[in-house]
Structure formats: structure tokens, C-alpha cells
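Take a look at the structure set out below.
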């Protein structure tokens, strides 16, 4: 049996949660970018019958896709770092030097940008 199996299993579950989050961010980014294209197509087909869109979600979608793609190697790096720490017998620092904080800050700024785009504050 693997020593500290429950710790290794928890590390793997955490890694998979990070991967799920990254894939969800990529999917949401694609949805935001495609939704903007869809709305522009609808407006162009109705020749001015609908009001012009005040903002654009395409660049927010691209940023979300990039953040999701950047999260994948970060999650792999964290998984390997924790796995190495679990295999050693002595305590080891496994902090990610602010990666989680930067990720939370990015998500907060992304939500503000989406709201600003929906309210028409950001230019298209």
C-alpha cells in the first residue's frame, strides 16, 4: 500500500479540480466571444431595428480563455510540488508564492469587466 495514500489522493483531487476550473474558464471564454459575434450578427440582419450594443464581450472572452490556458500548467506545477513534498519525510514549504491570490484578483477584475461591458461602460 502507498504510504500517506489519503494525502496523495487529496492532492490528485485538488489537481483535477484545478483542471476542471481551467476548462470551465476556457468554455466560458468561448461562450463570451461567440455570444458577442452572435449579437452582432442579429443586429446586422435586422438593419437597425435593434439598438446598437454598448459594449463588447469578445476581448473579455479572449482574456478568460488565456487565463484558463495559463491555469493548466500552474495546476500541474502545484500538483508536482505537493507530490514531491508528500514523498519526503521532512516538512517542506509548498506555498505557490501568491498564485492563488493573483488568480482570485484576476477573476474579480474579470467579473467587473463583464459587468462594465454589459452596462455599456466599456467601449466596443
Any residue at all in the stretch 88-105 that's within 22 Å of residue 121 (Cβ to Cβ), surrounded by 13 or more Cβ atoms within 10 Å (Cβ to Cβ) and at pLDDT below 75?
no
Are any residues in the stretch 112-124 at pLDDT below 80 and either part of a helix (DSSP H, G or I) or closer than 16 Å to residue 74 by Cβ (or both), and if so, which ones?
113, 114, 115, 116, 117, 118, 119
Looking at the stretch 66-82, can you tell me whether even one residue there is at pLDDT below 85 and either in a loop (DSSP other than H, G, I, E, B) or more than 30 Å from residue 2 (Cβ to Cβ) (or both)?
no
When you check residue 35 against the structure, is it at pLDDT below 80 and either at negative phi or out of contact with any helix residue (DSSP H, G or I) (no Cβ under 7 Å at 6 or more places or on another chain) (or both), yes or no?
yes
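The values are calculated or read from the model by the stated rules, or taken from the named source; none is laboratory data. None of these values were measured; they are calculated from a predicted model. Cβ coordinates were reconstructed from backbone atoms using ideal geometry, including for glycine residues, and neighbour counts include every protein chain displayed.
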